[in-house]
1. Set the Förster distance to 30 Å, then compute FRET efficiency between ILE18 and VAL45 from the Cβ-Cβ distance, nearest 0.05.
2. With a point put 7 Å past each Cα toward its Cβ, work out how far GLU6 is from VAL28 in nm, to one decimal.
3. Evaluate Rg over Rh across the range 2-63, taking Cα atoms for both radii and Kirkwood's formula for Rh.
Amino acid sequence: MQIINERYGAYSWVAELIQVFIAVSVTVSFLVMGSAMKHTVDGLVSSLCAGSVEWLSKACERKAPNRRRVCSAGR
């Protein structure tokens with residue numbers, strides 16, 4: 001940016017445009033990577049905990065068989 005402003009003052013708008021483009025690109029990149037990481041972690045957690053939730057639901061229903069809808073872990 002300094003070179004453009006020092007040598008080519010008439011094109012200082014190009015330097016500003018490049019800075020805005022870089023800022024937008026970095027922001028979009030972080031958002032996309034963060035979204036992909038969130039979905040990956042959600043998938044891992046749900047696949048690892050699926051058996052645990054079923055076990056918890058069955059244990060809860062064995063403890064209180066007469067209560068209706070007390071155990072919501074199976075949903």
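1. Details: r = 41 Å, r/R0 = 1.35.
About 0.15, to the nearest 0.05.
2. Once both label points are built, they end up 3.2 nm from each other.
3. Values: Rg = 25.4 Å, Rh = 16.1 Å.
Value, to two decimals: 1.58.
Read-outs throughout are calculated quantities, based only on the coordinates presented, and are distinct from any laboratory measurement. Here the structure is a predicted model, which is why all the values come from computation and not from measurement. Neighbour counts run over all protein chains shown; Cβ positions are idealised from the backbone, glycine included.
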